[in-house]
Amino acid sequence: MLRLKNIFVTVNGSNGVDREILRDISIEFKSGRLYAITGPNGGGKTSIAKVIMGIYKPNRGEIYLNGEEISNLNVCERARRGISYAFQHPPRFKGITVGDLIQIASPDIDSFNLRAALRNVGLCPEDYLERDVGPGLSGGEIKRIEIAQVLARNARISILDEPEAGVDLWTMQKLIGIIVEKYKNNPDITTIIITHNQRVLEISDEIIVLEDGVIKASGAPHKIWPLIKDDIECKMKEQCRGEMAYEL
Amino acid sequence: MNFNQLDMQLLNAVSDLRAVPAGPVNIRRNGEVIARNSSSNITVRSKEDKPGLVVEVKPGTANETVHVPVILTKAGFKDVVYNTFVIGENSDVSIIAGCGIHNDSHVDSGHEGIHEIIVKKGARVRYIEKHYGQGEGTGKRILNPSTVITVENGGSAELEMYQIKGVDDTFRSTTAYIQEAGNLKIVERLLTHGRQSAESDIKIYIEGKGGSAQILSRSVAKGTSTQIFRASLVGKTRCIGHVECDSIIMEDARIKSTPELVAEDSEAVLTHEAAIGKIAGEQLIKLMSLGLTEREAIDTILEGFLR
Ligand SMILES: Nc1ncnc2c1ncn2[C@@H]1O[C@H](COP(=O)(O)OP(=O)(O)O)[C@@H](O)[C@H]1O
Ligand SMILES: [Mg+2]
């Protein structure tokens, strides 16, 4: 179980004034469950993921992983304890290939699973393994490779940050299938998906709605859905029209 | 031929050799030739007037490789060598050069290689030069190569120069003349650390119509090392040229990078990109989130960058 307890995060705002971007966030992510975090842009979803991964240091609050306080562990130590995060905006590299990156993510992976990790996100291994994770790849390709890394890690806690952005609907269907098969009802692992995708919201065990740095609502999909339905359907339409609803 | 372990270590570092190769080869140790072979298509012989080699590739030779590594193991030794490579028309060969220095003493050791490469009509050559130094002494390991290359009509050359470890002081000068439809690509990879200094001065003159040249330089400067990089592209006619120099700077290092474009014809298309910056924080965080320590993440990023 992963537990956030009274988390506050303050950042330096653009006008030089401190700004609280997460306020008194307490959540218990239980093992064997799929959580969806949703809410408007700027609500603080990515910041929560970064707090869990250790990228952002809260100025107040604690984080526990299976009872152990991990608040003071750095990113690497948390990764080694089984936390895995697919960035919303993954960085590009120079001279590091897709194959290299998946192998770093999962050092013991065999060639079969390495290829499967790419196929699962709709990429043909032959075309991608040797390519640089660099400027030659599109935003959508970078995004899929990012998700492939997290799938390959088989971590206890997996966080996917807007996996639907840059991923076509067909691959998204497939990805949801994988998430269901791999993560749902697996008693040992916790999956957290930051998303506006209706299908992901429907299959989750719990939806958390974040707005202005606070939890607006949380609970089972049937309870939360009526509250967010209009916003989400609007977002889905934008996506279907092929517009970039999510900046990459 | 008597190669000791140290010789092999250096040879391996600069040319991936584990034994004297079967093909055309010249191995120079402390100013003396210790292995030499020619093949039916590639002759390797000594220069008559000064120390050094003439390597001559017969027209039409395909897919052959000649190895010409130099190693210095004697403390304080200063070697100067003049090499000429003539790549015959329509041939396609690789030259593996490179210099390895072992210096354990308090006096400087150095190698000055003065190379002339002539790529005849329609020929292709890939020239790889690795620099490597080792040894604990306070004496410097110095390498000053200077290369003049001419690419004749329709010829093409790729120069790859690597200096990743152990060379304290280097001044590299490269001058190229490109004739009609000739193509030259220079790839440079450089890492300096400690108090090392490295300077590279490249001048390319594209003289023939339809000629093209590309310089792709990547470097990393650590410690208090200094790097100076100058690349000048002169387009005298309808041609295409591009310079790209990209550096990662760390700690208290200094880098000066000066790309220069000179167009002497309105049909010359010349571009450059230069960037110096530290390792991107988000790259580090990303790799650490995959379980690498900060140290491992830095090494992975640098290794990729210099690949
Ligand atoms: N490092 C930062 N510095 C300044 N502002 C930040 C930083 N990280 C996030 N923010 C701000 O915090 C708010 C929440 O951001 P984020 O967590 O990315 O939202 P979401 O993922 O829900 O769109 C936004 O207004 C964003 O601009
Ligand atoms: Mg976000």
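The values are calculated or read from the model by the stated rules, or taken from the named source; none is laboratory data. Predicted model only: the values in this text are computed from it and were never measured. Here the Cβ positions follow ideal geometry from the backbone for every residue, glycine too, while neighbour counts run over all protein chains shown. Surface accessibility is based on the protein's heavy atoms, side chains included, excluding ligands, DNA and RNA. Shrake-Rupley method; radii C 1.70, N 1.55, O 1.52, S 1.80 Å.
A:ALA86 satisfies every condition listed in (1) over 24 Å from A:VAL180 (Cα atoms); (2) under 19 Å from the mean Cα position of the chain (by Cα) except (1).
Tallying residues that are within 14 Å of another protein chain (Cβ to nearest Cβ), in contact with a helix residue (DSSP H, G or I) (Cβ under 8 Å, 6 or more places away or on another chain), away from ligand 1 (no atom under 16 Å from the Cβ) and of a type outside the set (A, V, I, L, M) within the stretch A:151-176 yields 2.
Within the stretch A:54-72, the set of residues being surrounded by 15 or more Cβ atoms within 10 Å (Cβ to Cβ), away from ligand 2 (no atom under 16 Å from the Cβ) and farther than 21 Å from A:SER31 by Cα comprises A:PRO58, A:GLY61.
One line per residue, one yes/no per condition, for (1) in contact (Cβ under 8 Å) with a residue 60 or more places away in the chain; (2) within 13 Å of ligand 1 (Cβ to nearest atom); (3) away from chain B (no Cβ under 14 Å):
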{"site": "A:ASP18", "(1), (2), (3)": "no, yes, yes"}
{"site": "A:ASP24", "(1), (2), (3)": "yes, no, yes"}
{"site": "A:ARG33", "(1), (2), (3)": "yes, no, yes"}
{"site": "A:PRO58", "(1), (2), (3)": "no, yes, yes"}
{"site": "A:GLU68", "(1), (2), (3)": "no, no, yes"}
{"site": "A:ASN72", "(1), (2), (3)": "no, no, yes"}
{"site": "A:GLY82", "(1), (2), (3)": "yes, no, no"}
{"site": "A:ILE96", "(1), (2), (3)": "no, no, no"}
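The numbered conditions (1) within 16 Å of the chain's Cα centre (by Cα); (2) not in a strand (DSSP E or B) are all true for B:LYS74 except (1).
If you go through the stretch A:98-120 and keep only what is more than 21 Å from B:LEU302 (Cβ to Cβ) and facing chain B (nearest Cβ under 10 Å), you end up with just A:SER106.
Taking the stretch A:155-176, which residues are open to solvent by 50 Å² or more (accessible area, probe 1.4 Å) and under 14 Å from the mean Cα position of the chain (by Cα)?
Initially, the stretch A:155-176 is screened for residues open to solvent by 50 Å² or more (accessible area, probe 1.4 Å), giving A:156, A:168-170, A:173-174.
The answer is A:ARG156, and nothing else.
Considering only the stretch A:20-38, how many residues are open to solvent by 10 Å² or more (accessible area, probe 1.4 Å) and within 16 Å of ligand 2 (Cβ to nearest atom)?
Adding up the residues that qualify gives 1.
Of A:VAL51, A:VAL98, all but one fail to be within 16 Å of ligand 2 (Cβ to nearest atom), open to solvent by less than 20 Å² (accessible area, probe 1.4 Å) and not acidic (Asp, Glu); the exception is A:VAL51.
Among the residues in the stretch B:298-306, are any facing another protein chain (nearest Cβ under 9 Å), within 30 Å of A:LEU73 (Cα to Cα), assigned to a loop (DSSP other than H, G, I, E, B) and within 28 Å of the chain's Cα centre (by Cα)? So far as the stretch B:298-306 goes, no, none of its residues is facing another protein chain (nearest Cβ under 9 Å), within 30 Å of A:LEU73 (Cα to Cα), assigned to a loop (DSSP other than H, G, I, E, B) and within 28 Å of the chain's Cα centre (by Cα).
If I ask for residues that are away from ligand 1 (no atom under 13 Å from the Cβ), modelled with pLDDT of 90 or more and crowded, with 16+ Cβ neighbours inside 10 Å, which ones from the stretch A:177-197 would you list? Selection gives A:ILE189, A:THR190, A:THR191, A:ASN197. Counting only strands (runs of 3 or more DSSP E) that sit completely within the stretch A:154-234, zero hold 3 or more residues that are among the polar types (S, T, N, Q).
May I ask you to verify whether B:LYS185 is under 30 Å from B:ALA123 (Cα atoms), in a strand (DSSP E or B) and not aliphatic (A, V, I, L, M)? Yes, satisfied.
Of the residues screened, B:ARG124 is one that is free of Cβ contacts under 8 Å to residues at least 60 places away in the same chain and closer than 22 Å to B:VAL54 by Cα.
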